[in-house]
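Following: one structure in structure tokens, then a few remarks.
The values are calculated or read from the model by the stated rules, or taken from the named source; none is laboratory data. Because the structure is a prediction, the values reported are computed rather than measured. Neighbour counts run over all protein chains shown; Cβ positions are idealised from the backbone, glycine included. The area values use the complete protein model at the heavy-atom level, side chains included, leaving out ligands, DNA and RNA. Shrake-Rupley method; radii C 1.70, N 1.55, O 1.52, S 1.80 Å.
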Amino acid sequence: MAILFSITTNLSKPMSVPVDCFVSNMKNHWQSSLKNTSSPELENIWSKICETFNHKVENEFSPIWHVLQPPTGSGKTQGLVIYCSMLPEIIGALIVVRFKEQADMIASSINQIAGVKKAVSRHSDHLIPMEDLRDTQVLVITHKAYENSLDRFQHDLDWSWKNYITYRKSKRRLIVIDEALDLVRSSQVKLEDLNYVLGVIPQDVKDKHPYAILAFETAKQTLEKIHEISKKSPGPDRDKILSGGSHQKPFSELNDLRGDLRNYRWDKILNESHDDHENTRIRERLDRIIHDLTELFLNWNYFSKKGKFNTLNTASLIIPDGIEGAVVMDATAKQNLLWDLLSDKSVRIRTPKGARSYSNVDLYVSRTTQLGKQSMNLNGQSRSIQLFKELKRRISTDSQVLLVCHKDSEHWYSSQEHDFRNFEVTHWGAIDGKNDWQDFDTVVIAGIPYRDRVWANNTFMAIRGLQSNEWLQNSAKRAFGTTDDIQRGLQLSQIKVSILQAINRIRCRRVIDEYGNCKSSKIYLLIPHGDDGEEILDGIRTEMPMVRLHEWKFTWNDINSNDDRTNFKEAIIRLMENANSGKYTFSWFQERIFISRRQWSRIVKDIRDEHSLFAKKMMDAGVSYVSNGKGRGAKSYLEKLM
């Protein structure tokens, strides 16, 4: 009773943060500490941020997610820091951010401004016992930790999510997520995956788990039957619903099999060798396939032909029914159709206008074709050479240039010689939320991050429920709200969000005057011809008011690919930075960068010279050169450690 009395007494105290005090503190921090310029429009946004946080704090439980959409550069993350530094001690908060470094920075900033230790970050580099988290007023974790905890809580596998949201003897009243989460978990199994698992599992393990093996054989027979039918059909393979509900029986059996297989040394079983990297690679592949098959049996599933592969697919929303809603701070929420699908679980908070102007930003747009991953990777060498010649002609040598491309093309752009003051390359999936390039003045978007129809189908059905075969096969049946075809709409929505995130990594993100302007910035953007390209461009212009639009006449010539020389060292460095741990032979590099034996010999000589800059960069990437044996039987390769 004493504890209950104490809690009740404390809750009678003011729990929220006074809006006027918050805006005053935020303005002082914005101008004095960060050396930024304030404005009445920015202060209106800060007021809205504080009001939204207060609403969640003052309403003890609500399953509704509130989506704040202040524009990039308006201080949403700094506002979160100031708010948490002002929270009364009786109120607990959970903050969820993309990266471990961000978690550390936010926790440190809150403590520094508050003058006491209120916040702690928890992640794989800073592990804190779960039982100690309840005494931490402000806990900061990563997106991945939060997503995994929700997913596992929904499957009743562990209770880490409960530990995250508990402060002292009650729930944290405020959960804030910086940038949108990946709220949908997709699972996919190919016929090749099923054959692989059935081929490598020892017979004694199969005998021990007969129902799990039966699940694999059933899924295999289904895909084989579809494959045989498709060979006789003159038309294209069409997506088709296979199951509308769960099959609970194989669930525990598949989980037991999954656990057993983690204890085997697969390098010894399959290769008769001792190779920790290979063992990890095989174990993780088996684990992923069994996990995805389990999800297929627990949920609805459908067939789809993805490239040359016959696949079974399903997906689920990681938000369990009835859990506490969070505040999501998402600058691109207006362009993200995910929030339209979640309209029964979320509300977008209307953002005061006029805080940002992009009148100092020049947007150069070229309309061309074949901007997807496959085409950009296939023609990577030729296109990187062509684009660089164009950029050298248009961009001054005093510029700091960021180029964004597909991951498998990154090494081509990194290997190009340049005269810019600074030049960096990154890829889709490694850019959202980062501030590494906030002083760069130019960004180049070289390729479109398309999502396929399976991703769009999964996203829609995970949130809105299983649809019909007619919905899967006929675009005229996929209207949703004001969107004629929600499959296409989701794909374009994700492209717009990704491009806006990339553009706003450079200095156009930062406000420099009371009118919301930024420093002079340049954007070079390649978009597809036709309606898709125009819709992408409209979304960007909507989010970047007053941006100056210019036509940029540039197109690919994929015939000539040998009019320049590749810097193989830079290409190899970037390939290794992006590679998983493992062994990489000459033939692996030859397939990707067309390097000759003679050129490879020069690379090997340089990497073996421990005093060379190239050798140092490879060591920094965790890569070493290994040579075993002599003569024709010798084996050599580059090895990357974890």
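Odds and ends about this structure:
- Cβ pairs under 9 Å, 6+ apart, first in segment 362-382 and touching a residue at least 60 places away in the same chain (Cβ under 8 Å), second acidic (Asp, Glu) and part of a strand (DSSP E or B): TYR364/GLU551; VAL365/GLU551; SER366/GLU551; ARG367/GLU551
- Test: residue in segment 473-491 that is buried (at least 22 other Cβ atoms within 10 Å of the Cβ), assigned to a helix (DSSP H, G or I) and in contact with an Asp or Glu (Cβ under 8 Å, 6 or more places away or on another chain): no
- Looking across segment 493-504, just one residue is under 19 Å from HIS529 (Cβ atoms) and open to solvent by 10 Å² or more (accessible area, probe 1.4 Å), and that is LYS496.
- The set of residues in segment 585-634 being open to solvent by 70 Å² or more (accessible area, probe 1.4 Å), touching a Phe, Trp or Tyr at 6+ places or on another chain (Cβ under 8 Å) and not in a helix (DSSP H, G or I) consists of ARG608 alone.
- Residues (modelled with pLDDT under 95 and acidic (Asp, Glu)) located in segment 333-366: ASP344
- Qualifying residues in segment 165-206 (those that are among the β-branched types (Val, Ile, Thr) and out of contact with any Asp or Glu (no Cβ under 9 Å at 6 or more places or on another chain)) - the one nearest to LEU242 (Cα to Cα): VAL184
- Verdict on GLY465 being open to solvent by 10 Å² or more (accessible area, probe 1.4 Å), free of Cβ contacts under 8 Å to residues at least 40 places away in the same chain and over 30 Å from ASN313 (Cα atoms): no
- Residue within segment 171-188 that is part of a helix (DSSP H, G or I) and surrounded by fewer than 18 Cβ atoms within 10 Å (Cβ to Cβ) present: no
- Taking segment 234-312 as the region of interest, the helices (runs of 4 or more DSSP H) fully inside it that hold 2 or more residues being open to solvent by 60 Å² or more (accessible area, probe 1.4 Å) and at pLDDT 90 or above are 276-298.
Yes/no matrix, rows are residues, columns are (1) modelled with pLDDT of 90 or more; (2) buried (at least 18 other Cβ atoms within 10 Å of the Cβ); (3) of a type in the set (Lys, Arg):
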| position | (1), (2), (3) |
| --- | --- |
| GLN370 | yes, no, no |
| MET376 | yes, yes, no |
| ILE395 | yes, yes, no |
| LEU403 | yes, yes, no |
| HIS411 | yes, yes, no |
| SER415 | no, yes, no |
| PHE423 | yes, yes, no |
| GLY433 | no, no, no |
| ASP439 | yes, no, no |
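- Condition met for PHE53 (within 17 Å of GLU179 (Cα to Cα), surrounded by 22 or more Cβ atoms within 10 Å (Cβ to Cβ) and either free of Cβ contacts under 8 Å to residues at least 24 places away in the same chain or in contact with a strand residue (DSSP E or B) (Cβ under 9 Å, 6 or more places away or on another chain) (or both)): yes
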